[in-house]
Amino acid sequence: MKSKTLTVLIIFGVCYQFTNGDLPSEIEKCHAGDVDCIAKTLPFILQNYAQGIPEIGLTDIEKLSLDDVVLTKANPHSGVSLNLEFKKMYLHGISNLTVQRIVGFEKDPLNSKFELYITIPNLVVDGEYISSGKVLILPMDATGYAKIKLKNSKLSLKFKSEEVRKDGKQFIKIKDLKCKLTPELMKVKFENLFNGNEQLANSLNQLINDNWKLLYSDMEAQINDAVAKIVKRLLAGVLRVLPYDEFYEKD
């Protein structure tokens, strides 16, 4: 879970800084609707400014987190009948994304599409978990640290906007934000299983990894929701202070 997602926030932050001349000259400034320019500039920004831009409230994109995330609920009709919750879920790896396609980002936000299609080579979700239930034939009643690695994840992000006028300037608020994350492969490592019995713990982790698509199908909706919440929360802070008409290069 940008963060994603998260790419839109970088666009807004970068364009604001362009207007005010606070970013290094090597960063190319884009016109509204110039999706080729935006797609080229974003990876450079993400890789070189992964620690964020504090001046506009853009936080470190490698330290994204969300509290109390329920990833799965026990389903007796699923092979993974598991309750799995992260007390605090961290998301890493957004800064190395690549952009496949961008749609919209026109000068008039109320009539513009906002769509991004990206690939994240190594997305990592980790944190303290609580679980109860079973995975196939093995019980999983535990609490401890877990790491979930998602390889070559495709992330689509779409949203609509609504206008807010302040001091004669046009601001926007994000609404109807939707995310879909589709990994090529998932690898997990849950610690402190079976009261520290390493042999049984390794067997359960291997069982999950061998059948990762079962677990991911149960958690997919919650993963998408968590990513959307992270993006919307970050965007809200930035968009409260940045007028939309200052995002892009003047025509």
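The values are calculated or read from the model by the stated rules, or taken from the named source; none is laboratory data. A quick note: this is a predicted structure, and the numbers were derived from the prediction, not measured. Cβ placement follows ideal geometry from the backbone for every residue including glycine, while neighbour counts extend to all protein chains displayed.
Key figures
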read-out	value
Tally of residues being closer than 26 Å to Lys113 by Cβ and touching a helix residue (DSSP H, G or I) at 6+ places or on another chain (Cβ under 9 Å) across the stretch 149-159	3
Whichever residue in the stretch 198-221 is of a type in the set (Gly, Ala, Ser) and within 20 Å of the chain's Cα centre (by Cα) and, among such residues, is farthest from Leu136 (Cα to Cα)	Ala221
Qualifying positions in the stretch 70-92 - modelled with pLDDT of 95 or more and charged (D, E, K, R)	Glu85
